[in-house]
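The block underneath contains the structure these notes are about, expressed in structure tokens.
The values are calculated or read from the model by the stated rules, or taken from the named source; none is laboratory data. Source: prediction; values computed, not measured. Positions of Cβ are generated from backbone atoms using ideal geometry, with glycine treated the same way; all protein chains shown enter the neighbour counts. Keep in mind that these areas ignore ligands, DNA and RNA; they rest on the heavy atoms of the full protein, side chains included. Shrake-Rupley method; radii C 1.70, N 1.55, O 1.52, S 1.80 Å.
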Amino acid sequence: MKLVTFQGDDGERLGAVLHDGVLDLSIVASILGVVNFPGDMQGLIEAGASGLEQAWALLSAAPRAAAPFP
């Protein structure tokens, strides 16, 4: 999994690079009702291993509604 920071309308966002774009992990977390997911890279780093596990879980469970953007 390759993670990136990108600029969204509301500031920096955390995403995962896919073959066809970037998946906004914060949107996936919101759709799935995950409330404590870090919204940016610094928060993910501070969360440590549990943050990475959560990112993997979100990437695996990402619904089609959260399609990546190019």
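What tally of residues in segment 25-38 results from selecting those that are over 12 Å from residue 55 (Cβ atoms) and at pLDDT below 90?
Result for segment 25-38: 6.
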For this session: Tell me, please, whether a residue that is surrounded by 13 or more Cβ atoms within 10 Å (Cβ to Cβ) and in a helix (DSSP H, G or I) can be found in segment 35-43.
Result: yes
For this session: Output the residue which, of all residues in segment 44-66 that are at pLDDT below 90 and open to solvent by 70 Å² or more (accessible area, probe 1.4 Å), is nearest to residue 7 (Cα to Cα).
Result: 65
